[in-house]
1. Sorting 35, 74 on the 10 Å Cβ count, fewest up front, what's the list?
2. Per-residue ellipticity at 222 nm for the chain, helices alone: DSSP H runs ≥ 4 residues times -39500 (n - 2.57), over residue total, nearest 500 deg cm²/dmol?
3. Once the Cα gyration tensor of the chain is diagonalised, what are the square roots of 5 times its eigenvalues, in whole Å and ordered largest first, as equivalent ellipsoid semi-axes?
4. Within 10 Å of each residue's Cβ, count the other Cβ atoms and sort 96, 52 from fewest upward.
5. Which links in 53/89; 24/89; 71/103 stretch past 28 Å when you go from one Cα to the other?
6. Do any trypsin sites (Lys or Arg not before Pro) in the range 4-82 lie in a loop, going by DSSP, with at most 15 other beta-carbon atoms within 10 Å of their beta carbon, and if so which?
7. Could you pull out the longest piece of the chain with no exposed loop GluC sites (Glu not before Pro) in it, calling a site exposed if DSSP puts it outside H, G, I, E, B and it has at most 14 other Cβ atoms within 10 Å?
8. Please report the net charge: other residues with Cβ closer than 14 Å to the Cβ of residue 68, K and R +1, D and E -1.
Amino acid sequence: MDKKVKREAPKCGIDYAFQRIGGKYKGRILWRLRVGTLRYGELRKTVIGITSKMLTQALRELEDDGLISRKVYVEVPPRVEYTLTDTGKGLLPFLSVLRDWAKEQMLINHIEAMPGRS
């Protein structure tokens, strides 16, 4: 049974974009996938504070929106890999600008980033 999330129609381009990448984890997941294909467990370790349930939900929504692709290998134990699609890769320059803006704002507001995080 397909459980598509029912979204309100976007009012503008910004609304449309944030319906797809908004929230606490989606941007972070997309940013981690910029380096290439990652397995579920690798994402779980690198996206600090995310629960398995939230990671699964965010990955499903990103896949439904065509921003990531999911490849399942029929093995024991099962292996699932996630990769940015071309559409998802198209977001990377914008995420980079957003990251740079946030880093500047964190400096201004004397907020330290977690070690090893960009």
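1. Details: 35 9, 74 6.
Listing 35, 74 from fewest to most nearby Cβ atoms yields 74, 35.
2. Working: 6 runs with 57 residues, N = 118.
So the helix-based figure for the chain works out to -14000 deg cm²/dmol.
3. On the way: eigenvalues 124, 78, 34 Å².
Equivalent-ellipsoid dimensions as semi-axes: 25, 20, 13 Å.
4. Working: 96 13, 52 9.
By the 10 Å Cβ count, ascending: 52, 96.
5. On the way: 53/89 25 Å; 24/89 19 Å; 71/103 33 Å.
Check vs 28 Å cut-off fails for 71/103.
6. Working: sites: 4, 6, 7, 11, 20, 24, 26, 28, 32, 34, 39, 44, 45, 53, 60, 70, 71, 79; in loops: 4, 6, 7, 11, 24.
Answer in residue order: 4, 6, 7, 11, 24.
7. Numbers: sites that count: 8, 75, 112.
Longest gap between qualifying sites, sites excluded: 9-74.
8. +3
Just so you know, all these numbers are worked out from the coordinates, no wet-lab data involved. Values in this document were obtained by computation on a predicted structure and should not be read as measured data. For neighbour counting, all protein chains shown are included, and Cβ atoms are generated from backbone atoms with ideal geometry for every residue, glycine included.
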